[in-house]
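Bear in mind these aren't lab numbers, they're just calculated from the coordinates by the rules spelled out. This one's a predicted model, so the numbers in the text were calculated from it and none came from an experiment. We place every Cβ from the backbone using ideal geometry, glycine too, and count neighbours over all the protein chains shown.
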Amino acid sequence: MIYSKIVLNKYLRNLLKIGGTSFFALGIVACSQPKKPLHLPKTDLKEATLVPKPLKTVPTFSAFALDQYTSIHTPANGSLDAIAQFLSEKIKLKTGLDIPINTAEEGLAQRIIYINQADSLKTKDNEAYQLYINKDSIILNAATSEAAFRGIQTLRQLIPEQSNDTLNEHAIWPVPSGKIMDRPNFGYRGTMLDVARHFFDLEEVKKYIDALAYYKINVLHLHLTDDQGWRIEIKSWPKLTQIGGQTEVGGGKGGFYTQKDYKDLVAYAAKHYITIIPEVDMPGHTNAASLSYPILHAGGKAEKPRIRTDMKVGYSSLHTKKDTVYSFIDNVVEEIAALSPGPYFHIGGDETHVTQKKDYVDFVERVATIVQKHGKRMVGWADIAAAGIDSTTISQFWRSKENAITSVQKGAKLILSPAKKAYLDMKYDTLSKHGLSWAALIPVDTAYLWSPETYSGVPKEQILGIEAPLWSETIATLSELEYLAFPRIIGYAELGWSVPENRSWEGYKERLVGQQSYLERMSINYYPSPLIPWNEKE
Ligand code: TNX
């Protein structure tokens with residue numbers, strides 16, 4: 001066994017801090033130590049099946065040999081150690097290699113992955129990173145831990161599934177060499193999961209989060225309440241989960257998150273640089289709340305609360321004139337806001353067919369002040385355009401372009417979730433085993449082939465980003481959830497991250513095939529769309 005001693009003195013560490021130029025210096029030090037040369041395959045970084053596609057890629061046609069002599073190095077202040085740990089765990093999972101962290105000084109490593117704090121990148125974007133992949137070093141420059149985390153996902157995708165055991169005496173995983181300069185097209189790249197129509201437990205949501213993070217999605221909006229179920233413990237109104245949490249579509253047993261569970265989920269998401277946005281849908285979609293506490297019920301045209309396991313929408317409403325209702329909302333927002341480090345609280349606001357327009361407007365405006373009081377920015381489905389909303393508000397386009405445009409004219413920012421393009425609960429085609437079709441059939445190409453930059457007619461500066469919602473009326477298990485989400489969500493991740501010049505259906509299709517081994521290794525169910533030239537399953 002040959003070890004090369006790498007001397008990383010203070011001078012070099014300082015050089016590393018300035019980013020891109022430093023790897024030359026490292027190369028000199030590493031190469032000055034004699035060692036048996038490795039045989040490296042020719043590669044082409046441009047051919048890598050990365051999703052989302054990075055902003056800029058420059059191949060150098062050699063490789064970094066990831067192997068048992070590789071180590072990860074992080075800055076001395078420890079700020080990126082958690083990221084290094086994450087990378088090491090994921091490498092272990094994929095290759096079986098145990099990659100130590102910060103052992104370079106002990107001279108045990110021949111090749112080093114430097115995760116490097118490069119403040120100079122910060123001005124461009126919070127998530128911008130650079131990857132320099134050389135024969136003996138990989139340098140990841142990032143100004144923030146968030147950016148480093150995004151860069152790590154790119155690196156994970158570049159590690160081949162299989163080692164190359166024939167070129168050398170020991171197994172190496174050749175990572176194609178070159179440089180990648182990357183940053184997102186939109187700061188908000190989200191998906192929504194409806195845990196109200198069918199409940200999904202912590203383990204299921206965590207598995208989903210793992211895959212979302214792999215594709216650089218950074219927001220998970222949870223639709224926590226609806227007519228069929230209330231899914232989050234509210235200590236001041238315990239019947240919401242004692243009664244409202246026990247049902248779901250189709251008659252199953254439902255379920256809910258205790259506040260402890262929810263905190264755990266928020267922390268797990270945060271570790272993956274994903275913000276959870278809680279949604280409590282109101283004044284409509286509130287049958288489960290009114291069933292738990294009949295005092296909240298609107299009466300009038302709204303249907304009398306009863307256990308609902310059907311898929312009808314638009315028949316329920318909170319009372320919009322009772323102070324008790326606003327105390328209730330105040331308590332709910334306060335308790336959930338306290339569990340939510342993210343900046344947003346989603347109030348729903350959609351499909352209020354049994355609420356008078358004037359009452360709806362008053363309601364949304366009153367709830368807006370409650371949300372602000374608890375330190376959050378209000379998000380609502382774009383129906384809230386009917387109300388007086390201000391520039392702190394975020395409006396989510398789902399059906400009506402007119403509502404989207406009106407919201408923006410009133411100063412709100414926009415999230416794009418057009419049902420005809422971005423609804424993960426729409427069937428792929430007439431053969432789909434799950435899903436609805438009220439908005440459209442959305443095959444994998446339709447899901448990808450639209451431009452968030454131009455689709456709504458709203459200028460890009462007013463658009464936070466895109467979000468693909470997954471309503472759960474027709475899915476009861478994780479495998480069914482995955483069937484609707486994958487592979488379409490991978491395309492939405494690319495629409496959110498990659499610039500239009502880098503997107504093409506032909507190229508994407510090939511890169512999607514490259515994701516198949518990941519999906520299979522992670523036991524993620526996906527729809528084997530006939531539009532994609534999948535590899536045959538092994
Ligand atoms: C419309 S989209 C809804 C949901 C349903 C979904 C089913 C929106 C704001 N409301 O209540 O679950 O369609 O696709």
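Would you mind telling me the antiparallel percentage of the DSSP bridges in the chain, rounded to 5?
That works out to approximately 35 percent antiparallel.
Sort 511-523, 45-57 by the packing proxy (mean of other Cβ within 10 Å over each peptide's residues), most packed first.
45-57, 511-523
Evaluate E = 1/(1 + (r/R0)^6) for SER391 and SER327, where r is the Cβ-Cβ distance and R0 equals 30 Å; express this FRET efficiency to the nearest 0.05.
0.60
Please work out how much length the chain gains when fully extended from ASP165 to LYS207, using 0.36 nm per residue of separation minus the C-alpha to C-alpha distance, in nm with one decimal.
Answer, rounded to one decimal: 12.0 nm.
How do 341-350, 317-326 rank on mean C-beta neighbours within 10 Å, highest first?
341-350, 317-326
Can you run phi through the Karplus equation (6.51, -1.76, 1.60; θ = phi - 60°) for the range 140-147 and list ³J(HN,Hα) in whole Hz, with x for Gly and Pro?
Computed from phi, the couplings for the range 140-147 are 9, 9, 8, 7, 10, 5, 4, 5 Hz.
Along the range 224-236, what does the Karplus equation 6.51 cos²θ - 1.76 cosθ + 1.60 (θ = phi - 60°) give for ³J(HN,Hα), rounded to whole Hz, x for Gly and Pro?
Here the 3J(HN,Hα) series is 8, 9, 6, 4, 8, x, 10, 10, 9, 4, 10, 5, 7 Hz.
Distance between Cα centroids, the range 161-196 to the range 489-538: provide it in whole Å.
Distance between centres, Cα-based: 13 Å.
Which whole-Hz couplings ³J(HN,Hα) result when phi for each residue of the range 198-212 is put into the Karplus expression 6.51 cos²θ - 1.76 cosθ + 1.60, θ = phi - 60°, listed in order with x for Gly and Pro?
9, 8, 10, 7, 4, 4, 5, 5, 5, 4, 5, 4, 3, 6, 4
Normalised by the number of residues in the range 379-537, what is the relative contact order in percent for Cα pairs under 8 Å and 6+ residues apart?
Taking the mean separation of contacting Cα pairs over the length of the range 379-537, I get 18 percent.
Among THR320, PRO305, LEU416, which residue has its Cα positioned farthest towards the positive end of the charge dipole of the range 188-503, with +1 placed on the Cβ of Lys and Arg, -1 on the Cβ of Asp and Glu, and the dipole taken about the Cα centre?
Of the listed residues, the answer is THR320.
Using modelled backbone amide H atoms (1.01 Å from N, in-plane), which distant-in-sequence or interchain residues come within less than 5 Å of MET192's amide H?
Counting only residues 5 or more places away or on other chains, the set is HIS221, ALA468, LEU470.
So what's the gap between the Cα centers of the range 349-376 and the range 264-299, to the nearest angstrom?
The range 349-376 and the range 264-299 have Cα centres separated by 15 Å.
Can you give me the long-range amide H partners of GLN396? Hydrogens built in the peptide plane at 1.01 Å from N, cutoff under 5 Å, separation of 5 or more residues or another chain.
Hits under the 5 Å cutoff: GLY380, TRP381, ALA382, ILE415.
Treating only the Cβ of Lys, Arg, Asp and Glu as charged (+1, +1, -1, -1), what charge dipole size does the chain show about its Cα centre? Round to the nearest 20 debye.
Magnitude of the dipole: close to 820 debye.
Where does the chain land at 222 nm, in deg cm²/dmol rounded to the nearest 500, when only DSSP H runs of n ≥ 4 count, each adding -39500 (n - 2.57), divided by all residues?
-9000 deg cm²/dmol
Pairs LYS46/LYS509; LYS207/LYS413; LYS94/LYS135: which exceed 23 Å Cα-Cα?
Over 23 Å Cα-Cα: LYS207/LYS413.
Relative to the longest principal axis of the C-alpha atoms of the chain, give the angle of the C-alpha long axis of helix 22-31, reported between 0 and 90° and rounded to the nearest 10°.
Here the helix axis deviates by roughly 40 degrees.
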